[in-house]
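The values are calculated or read from the model by the stated rules, or taken from the named source; none is laboratory data. The shown structure was predicted, so the numbers you read here are calculated from the model rather than taken from an experiment. Quick reminder, even Gly has a Cβ in these numbers, built from the backbone with ideal geometry, and neighbours come from all protein chains shown. The area values use the complete protein model at the heavy-atom level, side chains included, leaving out ligands, DNA and RNA. Shrake-Rupley method; radii C 1.70, N 1.55, O 1.52, S 1.80 Å.
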Amino acid sequence: MSFTLATWNINSVRLRENIVAKLMQEEAPDVLCLQECKSPVDKIPLEQFQALGYTHMVARGQKGYNGVAILSKLPMQEVSAYDYASLGHARHIAGQLENGVTIHNFYVPAGGDVPDREVNEKFGQKLDYLTDMRDAFHADKPQKSILVGDLNIAPREDDVWSHKKLLKVVSHTPIEVEHFGQVMDSGDWSDVTRNDIPEGQLYSWWSYRARDWDAADKGRRLDHIWATPDITNAGHSSRILRDARGWEKPSDHAPVFATFDL
DNA sequence: ATGGTCGCATCGCGA
């Protein structure tokens, strides 16, 4: 079988119900992973999504902040939802398809403004969250698994508009990139997006604060799709739907896609 | 060097 998966930080699923539906109608991924739903699970507007064929959902939510959901046209069962770093935040949910593939959906903490855990508690929480992820995947090696989400780190020089200017900016600092690499190594994860698109600038997020995000193009690749070695070769057709950043009342993130033939 | 824009638990905070 073949299925297409997308990951999208939606920045309020209730406010953006209509562009989620637009994505479902126009792109029709089989599995859609959302982050920053900013909604309790029982207030996610499921009916419209179900009417479009997304009859399965696994999710964790809280009022106002965070929140992750996997909407699926394919039958899916919840397998876990961990509170890494014990923050009490809804930042992870995992579901399993009938073909045995597990999908982990993450919203890693953004980490605040100052990249120093001594003066900024949120930066320490981000690093601790990544360390907990690393330890969990090290202790329990994932198999037949896909990991997606807003990981809030752009690891490569060509994942940001200016490597030099962003070296001290949270999301691209060397210590974050090192933690990111340790999470990847712990699960033998490979970067499906970069396997498919190995060269060139690639972004999935553009700040709301830019005067003209499209012309300025000061983006970062914060949203990722990874796979374990047993299925990574099945991944193909990766793309980022940049157009969605220009939709009506957009999220500041664009959806990232990959297809798996399994 | 600064400020810029969003969303919501809305006049403060997180992103």
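Some notes on this structure:
- Qualifying residue in region A:122-133 (condition: under 21 Å from A:Asp230 (Cβ atoms) and open to solvent by less than 10 Å² (accessible area, probe 1.4 Å)): yes
One line per residue, one yes/no per condition, for (1) open to solvent by 70 Å² or more (accessible area, probe 1.4 Å); (2) in contact with an Asp or Glu (Cβ under 9 Å, 6 or more places away or on another chain); (3) assigned to a loop (DSSP other than H, G, I, E, B):
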{"site": "A:His172", "(1), (2), (3)": "no, yes, yes"}
{"site": "A:His179", "(1), (2), (3)": "no, no, no"}
{"site": "A:Gln182", "(1), (2), (3)": "no, no, no"}
{"site": "A:Arg194", "(1), (2), (3)": "no, yes, no"}
{"site": "A:Gly200", "(1), (2), (3)": "no, yes, yes"}
{"site": "A:Tyr208", "(1), (2), (3)": "yes, yes, yes"}
{"site": "A:Ala215", "(1), (2), (3)": "yes, no, no"}
{"site": "A:Ile225", "(1), (2), (3)": "no, yes, no"}
{"site": "A:Arg239", "(1), (2), (3)": "yes, yes, no"}
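- Pick from region A:137-165, criterion assigned to a helix (DSSP H, G or I) and without any contact (Cβ under 8 Å) to a residue 60 or more places away in the chain, ranking: nearest to DNA strand B (Cβ to nearest atom): A:Lys165
- Complete set of residues in region A:1-29 that are of a type in the set (D, E, K, R) and away from DNA strand B (no atom under 16 Å from the Cβ): A:Glu26, A:Glu27
- Matching entry among A:Leu32, A:Leu74, A:Leu87 (being away from DNA strand B (no atom under 16 Å from the Cβ) and surrounded by fewer than 19 Cβ atoms within 10 Å (Cβ to Cβ)): A:Leu74
- Contact annotation: residue pairs with Cβ atoms under 8 Å, 6 or more positions apart or on different chains, pairing a residue in region A:1-13 that is surrounded by fewer than 24 Cβ atoms within 10 Å (Cβ to Cβ) with a partner that is among the basic types (Lys, Arg) and assigned to a loop (DSSP other than H, G, I, E, B), are A:Asn11/A:Lys38; A:Ser12/A:Lys38.
- A:Lys168 basic (Lys, Arg), surrounded by fewer than 20 Cβ atoms within 10 Å (Cβ to Cβ) and touching a residue at least 40 places away in the same chain (Cβ under 8 Å): yes
- Any hit, region A:35-54, residues being in contact (Cβ under 8 Å) with a residue 24 or more places away in the chain, out of contact with any strand residue (DSSP E or B) (no Cβ under 6 Å at 6 or more places or on another chain), surrounded by fewer than 20 Cβ atoms within 10 Å (Cβ to Cβ) and among the small types (Gly, Ala, Ser): yes
- In region A:208-225, the residues that are at positive phi form Cβ pairs under 9 Å with partners that are near DNA strand B (Cβ under 9 Å from one of its atoms), at six or more places apart or across chains, as follows: A:Asp217/A:Ala210.
- Residue pairs whose Cβ atoms lie under 6 Å apart, sitting 6 or more positions apart in sequence or on different chains, and linking a residue in region A:73-92 that is part of a loop (DSSP other than H, G, I, E, B) to a partner that is open to solvent by 70 Å² or more (accessible area, probe 1.4 Å), are A:Pro75/A:Glu98; A:Ala81/A:Arg60; A:Ala90/A:Arg60.
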